1. Would you point out the residue of the stretch 106-121, among those that are acidic (Asp, Glu) and more than 10 Å from residue 151 (Cα to Cα), that is most open to solvent (accessible area, probe 1.4 Å)?
2. Which one of these is among the basic types (Lys, Arg) and in contact (Cβ under 8 Å) with a residue 24 or more places away in the chain: 103, 127?
3. Does residue 97 satisfy the criteria of being open to solvent by less than 90 Å² (accessible area, probe 1.4 Å), at pLDDT 90 or above and under 16 Å from residue 142 (Cα atoms)?
4. Inside the stretch 84-138, can you point out the residues that are in a loop (DSSP other than H, G, I, E, B) and closer than 17 Å to residue 154 by Cα?
5. For residue 73, are the conditions met, namely being closer than 21 Å to residue 136 by Cα, over 20 Å from the mean Cα position of the chain (by Cα) and at pLDDT below 95?
Amino acid sequence: MEHDGRKEEYENQHSEEQTKQVATEQEQILLELNTEAGLNAAEANVQTEIQAFVAMDEDIKDPGDDVVPEESETSSIDPEEEEPVALSELELNELIESICTSKAEEFRMIGYEHVTGREIWECVSDKYQKTGMPALHQIVNDILSLKVTKFMNWMTMSIYKSNPFA
């Protein structure tokens with residue numbers, strides 16, 4: 001019996017070591033990916049820690065996640081709050097302009113000093129010429145998720161398109 005107890009203890013300890021090793025390897029891979037994505041070492045470390053924390057959080061399921069709220073809990077929502085707020089065209093344009101300006105400032109902070117909000121919008125809206133204008137949430141997502149590499153590729157192609165024989 002004592003032999004079985006030691007064997008089980010060894011297997012548990014070995015399993016924990018493997019789990020720690022896999023977690024360490026995952027963190028190293030995330031760190032390398034974040035560094036390749038253009039983040040400096042400090043930003044990459046923070047991003048890696050966040051991603052590792054999120055991955056750990058997804059593995060741990062809260063027993064309260066399966067609880068369905070009672071009717072009294074859901075009926076407290078005011079029906080007036082559910083209706084979407086309509087923005088005028090001017091307000092919508094100002095909103096998009098401020099988001100594009102914010103993205104241009106982000107690019108300037110990482111070294112692309114001559115980027116403007118107008119260029120950001122031209123890059124993002126270029127794909128809308130074929131498909132039409134999407135919903136506001138998609139526009140905001142496209143602007144905020146724009147990567148420098150995609151923007152610079154668009155800029156390069158724009159230069160070639162505007163001056164094809166130079």
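1. Of the stretch 106-121, the ones acidic (Asp, Glu) are 106, 113, 119.
Applying the additional criterion that residues be more than 10 Å from residue 151 (Cα to Cα) yields 106, 113.
Working: 106: 84, 113: 130 Å².
The extreme case among them is 113.
2. Criteria check complete, one pass: 103.
3. Values: open to solvent by less than 90 Å² (accessible area, probe 1.4 Å): no; at pLDDT 90 or above: yes; under 16 Å from residue 142 (Cα atoms): yes.
Spelling it out, it is not the case that residue 97 is open to solvent by less than 90 Å² (accessible area, probe 1.4 Å), at pLDDT 90 or above and under 16 Å from residue 142 (Cα atoms).
4. Going through the stretch 84-138, the residues in a loop (DSSP other than H, G, I, E, B) turn out to be 84-88, 110-116, 126-127, 132-135.
112, 113, 114, 115, 116, 126, 127, listed by residue number.
5. No.
The values are calculated or read from the model by the stated rules, or taken from the named source; none is laboratory data. Given the structure is predicted, the values throughout are model-derived calculations rather than measurements. Positions of Cβ are generated from backbone atoms using ideal geometry, with glycine treated the same way; all protein chains shown enter the neighbour counts. Remember, those area values only see protein heavy atoms, side chains included, never the ligands or the DNA or RNA. Shrake-Rupley method; radii C 1.70, N 1.55, O 1.52, S 1.80 Å.
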